[in-house]
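Let me begin by presenting the structure, written as structure tokens, before commenting on it.
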Amino acid sequence: MLHLALISTLVGFATTVGALPFLVAKEVPRGIYDTMLGLGAGLMLAAATLGLLPTALVDVRAGGAVQLHLLVTVLGGFASGAALLFGMDRFIPHAHAGGHHEHMHGHEEGAHEHCAHATVDERARHQGLLIVGAMALHRVPEGFAIGAAFATTGAAPLGLLLAIAISMHNAIEGAVMAAPLKRGGLGRARLIGIVAATGLAVPLGAAAGFILAHRIAGALPFMLAVAAGALLYLTCNEIIPESHSHGNERGATFGLLGGVVVIVLIKVLVGE
């Protein structure tokens, strides 16, 4: 459990690492952002589909016959993970890609029309804080996935795969969070403090995922599937639309493909 706490804390800290360049730089071109987001989407998609789901399904055909109750368990977990993220997305206001009109605030274009921001900097700062709220929500299922992975027998390969993938993704999202906060005039110490605070959810989620999967008999396939459903919903509903909302679809797509390749290489190298 101690090694899980250390690894998940480092994964959460990766968000802060991504924000560090904004201590000296104020802007990153939108095209680069979207390519980075696409890379993060590819990492998350591949980690869920090549790591979590295959592990959850490993015993479904035990003995050569389909174990229907295990298949239903895995599918139920997958649906539960997606439903959990849907509920968080629907009922907790935050900012993300354009087209999500049900939220209190949209993305950069046309956002905050009903807000009384005195300056452009104040508007950017408010936008940044809303994005921070969204990214903080992301950390919970990410931590849960890592914790559930480390609860598997011989967990090191799967857990390490997810830790590396999510760390890379979190570093990208750290940059996404930091840019509007820096543009809004937030001081360096406060900027790093706010971004770092979002990473605290990772070890908390990891502890919950590990305890539930490890201590409840027969719960591991369900928990792995919950994590997979949550990560896939997060990727498809948040990250991919965000990366494709600014006319940089090609770069974002190649970034996504690159993320999948990275996970394949990690799987080979760590022996998962």
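Just wondering, is there one or more residues in the stretch 184-207 that are of a type outside the set (S, T, N, Q) and closer than 20 Å to G38 by Cβ? No: zero hits. Quick one: in the stretch 234-258, which of the residues that are among the β-branched types (V, I, T) and open to solvent by 20 Å² or more (accessible area, probe 1.4 Å) is modelled with the highest pLDDT? Within the stretch 234-258, the match that is modelled with the highest pLDDT is T253.
Across the stretch 43-72, the number of residues qualifying as open to solvent by 10 Å² or more (accessible area, probe 1.4 Å) and in contact with a Gly (Cβ under 8 Å, 6 or more places away or on another chain) comes to 1. Within the stretch 100-209, considering only helices (runs of 4 or more DSSP H) that don't extend past its boundaries, which have at least 3 residues that are in contact with a helix residue (DSSP H, G or I) (Cβ under 6 Å, 6 or more places away or on another chain) and at pLDDT 85 or above? It comes to 120-150, 156-183. Using the structure shown, decide if L231 is buried (at least 22 other Cβ atoms within 10 Å of the Cβ), closer than 18 Å to G77 by Cα and in contact with a helix residue (DSSP H, G or I) (Cβ under 8 Å, 6 or more places away or on another chain). In short, yes. Residue pairs whose Cβ atoms lie under 7 Å apart, sitting 6 or more positions apart in sequence or on different chains, and linking a residue in the stretch 9-38 that is within 23 Å of L200 (Cα to Cα) to a partner that is at pLDDT 80 or above and open to solvent by 50 Å² or more (accessible area, probe 1.4 Å), are G12/L200.
The values are calculated or read from the model by the stated rules, or taken from the named source; none is laboratory data. Everything numeric here is computed off the predicted structure, so don't read it as measured data. Methodologically, a virtual Cβ is constructed for each residue, glycine included, from the backbone with ideal geometry; neighbour enumeration extends over all protein chains shown. To get the accessible areas, we keep the full protein, side chains included, count just its heavy atoms, and leave off ligands, DNA and RNA. Shrake-Rupley method; radii C 1.70, N 1.55, O 1.52, S 1.80 Å.
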